[in-house]
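Notes for the one structure printed next.
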Amino acid sequence: MGKRMVVVGGVAGGASAAAKAKRENPDLEVVVYEKSGFVSYGACGLPYVLSGEIPSLERLIARTPEEFRKQGIGVHPHHEVVDINPEERVLTVFDHGEGRTFQDRYDYLVLATGARPTLPPIPGTEQAGVYTLRSMEDGERLLRALEGARRAAILGAGYIGLEVAEAFRKRGLEVTLLEAKDRPLPHWDEEVGTLLRGELERHGVEVWTGVRVLALRGSGRVEAVETSEGVVPADLVLIATGVRPNTELAQAMGVALGPTGAIATDERMRTNLEGVFAAGDVAESFHRVLGRPYWLPLGDVANKHGRTAGSVIAGKEARFHGVVGTAIFKAFRLAVATTGLSWEAALREGYRAKKAFIQSRDGAHYYPGSAPLWVELVYEEGTDRLLGGAVVAHGHGALRVDVLAALLHRRGTLEDLLALDLAYAPPYSPVWDPLLIAAQQAR
Ligand code: FAD
Ligand code: NAD
């Protein structure tokens, strides 16, 4: 009889692990337990369903439970794993549909329980009209809420706050973005924050930065946000103040966490317990620039973690090679892409960090429709080692950041960047690619 692999959590990390393991080793029995009603979907698409650009939440589903079953994978939505005994390799599962508890066993276990939104410790968050955005169910609730809403306040100008601000504006809502730090996207440098603020304001978003949110006012249904800078009336409040990994189940069974508070794994996604793997937002990655574990809760990382775990469980050679911290998102016309360390983060890490920031274009100046494009390079004084960078553009030009990401994977320098043969034609780039212009300025 084949070995039994059980996956806890069926979204990005879990679904990838299950699908890959079964494909590589059809003799494996593969079972997925998922607490919510949905498996295998792209949560990253939720803002575009809210904006109306994608007509339904169902479009985000990559594979339905029926499709999994056809591949021989048992997928169980509405099933929550409530306890795991690693000595016996037995799990206790609560079936929310039937209201019953049962036990199952595993030879291999993948913990892919993801992350959940953090709520600020302020009064009033339990009221009607207050939302977070993480799951399909959250998407359903927000879509319903949008129908009657007029004024939205969004707490947090990070990835979700910025993407959803655009979605809400597209739905015709008045939007106020409330950020505790001094700029939008505060984990990156100020030049990018300034570009973002301009773009948000041009599109009618009120941006309040450096605010302390004190309470959500209302009597059962939210009416306003009380802040250190004044009161913001709102009939819909989205809390987007960050996420934390769902590690409780892992901790209870003795799985070790790493320094970031997410599950520690090796390159094969193995935890400290024999036969137990972790994948996705619940797990750490190795940061190749910092040279230490790092928590990067992103969808592409979750898929790679899961694929690695699935391959290893299926008996194949596979490794996850780590991250350099690359991300991209859209805020109205701007695509903002970052990789590695910001200048401020590099200074905090003790590097003698310098930065170059330039404005160029995404095409030749004479080419119709070419638009501005900005590049920031972060590098170490003396060695010229590249530490990070950002590209902000009107569209796909921002994907130039991937060149920087590739260099970061190899500990590249400004000299390495200058030596690259990059693509050029007037519709896509000036004759000197903006990355090369930035590197020249830095040297
Ligand atoms: P999750 O998606 O959190 O899934 C974990 C699942 O485990 C959950 O469904 C949960 O119900 C289930 N679970 C937890 N505990 C149990 C239990 N005890 N028993 C059974 N099931 C359990 N990333 C990007 O890279 N690019 C983007 O553009 C991007 N956009 C995003 C936009 C939004 C609005 C959001 C919310 C996220 C976005 N992300 C993006 C992040 C990306 O969606 C996550 O990194 C990814 O979903 C992580 O997948 P995961 O499977 O690790 O965790
Ligand atoms: P985030 O960490 O990106 O941003 C949270 C923001 O909230 C920060 O700017 C923080 O300073 C601010 N904040 C924290 N407490 C606050 C408070 N009390 N009042 C006001 N502001 C406060 O988190 P998020 O936007 O919630 O997104 C969650 C996760 O989803 C991200 O970590 C990311 O992994 C993922 N995501 C990624 C993408 C993408 O890659 N395009 C898009 C959406 C979501």
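No value in this document is a laboratory result; all are computed from the given coordinates. As the structure is a prediction and not an experimental result, all values here were calculated from the model. When we count neighbours, we look across all protein chains shown, and the Cβ atoms used for this are built from the backbone with ideal geometry, even at glycine.
Over the chain, calculate the relative contact order: mean separation of alpha carbon pairs under 8 Å at least 6 apart, over the residue count, as a percent. Write out the running numbers ahead of the final one.
Details: 1064 pairs, mean separation 62.0, N = 443.
Relative CO of the chain lands at 14 percent.
Under a cut-off of 24 Å between alpha-carbon atoms, report the lysines in cross-link reach of Lys3, not counting same-chain residues fewer than 8 places apart.
Lys20, Lys22, Lys35, Lys70, Lys304, Lys316
Ranked highest first by the average count of other Cβ atoms within 10 Å around their residues, in what order do 420-429, 305-314 fall? Show your work: numbers first, answer last.
Numbers: 420-429: 12.8, 305-314: 27.4.
Packing proxy ranking, top to bottom: 305-314, 420-429.
Calculate, in nm to one decimal, what Val90 and Asp402 gain on full extension: separation in residues at 0.36 nm each, minus their alpha carbon distance. Each step should come with its number before you reach the end.
On the way: separation 312, 0.36 × 312 = 112.32 nm, distance 4.31 nm.
That works out to 108.0 nm of additional length.
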